[in-house]
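Report on the following structure.
The values are calculated or read from the model by the stated rules, or taken from the named source; none is laboratory data. Here the structure is a predicted model, which means the values were calculated and not measured. As a convention, Cβ positions derive from the backbone with ideal geometry for all residues, glycine included, and neighbour counts pool all protein chains shown.
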Amino acid sequence: MTRSPNRPLCCRPTSCRHNPDRGLSPLHPVDLWNGSMLTLLTVLALFIVLGLGAYAGWLHWRLWQHRRQIAQQEAGYQRQRQVHEDYLIDSIRIIAQNMVEEDLNISEGSIRIRFLLEGMELPAEERARFQAFDDLYEQVRELDTHQARQALTPQERLRQDQVREAHEREHRTRVLEAARLIRRYEFEGFGSGAGSD
């Protein structure tokens, strides 16, 4: 079998489009199938790309929604925290004012302020400025209060009152200084002052 010089090696002589003896057929069935397959694959690839693009867009939208929801929750949490801290600060200042004006005994005021300060989570160096409240608390914390105090005998109640009053006399000056300080103390980074950093 001799090959025509213009015909490629891959073609069969009777059905090849390069064969000049074959005649001029507008489309050969193999060419038609190859062209249709190429078009089909192109359309399929286009749909896949469009589908992936739509899915990526949907994922991006969901991520944006999720981030927005988290930001809203965080803002709500910050508002609640700020309101709570404002309440703690106001309570501390009112108790300190009552202690200075002697409307509240200093041991009870120290106990209350100490627990409110724990809720503030002040830095250790700032918290140390109010150590007098902690010192008096440590001295009187074992004494009975509320219903337990009511259940005491009159003699035991009197004995505990004498112990408490002795500790109050010992710590009075420092506790009242701390009460005056905390009344005008700027709780920077807490409550309404937290947003002004």
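Select, from E142, E156, the only residue that is under 41 Å from the mean Cα position of the chain (by Cα), without any contact (Cβ under 8 Å) to a residue 40 or more places away in the chain and farther than 16 Å from V100 by Cα.
E142
State all residues of region 70-99 that are crowded, with 16+ Cβ neighbours inside 10 Å and under 23 Å from A178 (Cα atoms); if no residue qualifies, say none.
Selection gives E85, D86, L88, I89, I92, R93, I95, A96, Q97, N98, M99.
Please tell me if L117 is buried (at least 17 other Cβ atoms within 10 Å of the Cβ) and either under 20 Å from S192 (Cα atoms) or of a type in the set (K, R) (or both).
yes
Does H171 qualify as being closer than 11 Å to S107 by Cα, out of contact with any strand residue (DSSP E or B) (no Cβ under 7 Å at 6 or more places or on another chain) and of a type outside the set (V, I, T)?
Answer is yes for this residue.
Which is among the charged types (D, E, K, R), in a helix (DSSP H, G or I), at pLDDT 85 or above and more than 30 Å from F190 (Cα to Cα), of R68, R81, R62?
Only one candidate qualifies: R62.
From R127, R174, which residue is under 27 Å from Y77 (Cβ atoms), of a type in the set (K, R) and either outside any helix (DSSP H, G or I) or under 41 Å from the mean Cα position of the chain (by Cα) (or both)?
R127
Residues of region 132-151 being loosely packed, with under 15 Cβ neighbours inside 10 Å and either part of a loop (DSSP other than H, G, I, E, B) or at pLDDT 95 or above (or both), which ones?
R141, E142, D144, T145, A151
List every residue pair whose Cβ atoms lie under 7 Å apart, where the two residues are 6 or more positions apart in sequence or sit on different chains, the first residue falls within region 174-187 and is under 16 Å from S91 (Cβ atoms), and the second residue, located anywhere, is of a type in the set (F, W, Y).
A178/F130; A178/F133; I182/F130
Which residues, taken from region 96-124, are part of a helix (DSSP H, G or I) and more than 32 Å from the chain's Cα centre (by Cα)?
Answer for region 96-124, where residues must be part of a helix (DSSP H, G or I) and more than 32 Å from the chain's Cα centre (by Cα): A96, Q97, N98, M99, V100, I106, S107, E108, G109, S110.
Kindly provide the set of residues from region 83-133 that are on the phi > 0 side of the Ramachandran plot and in contact (Cβ under 8 Å) with a residue 60 or more places away in the chain, ordered by number.
Within region 83-133, no residue meets the criteria.
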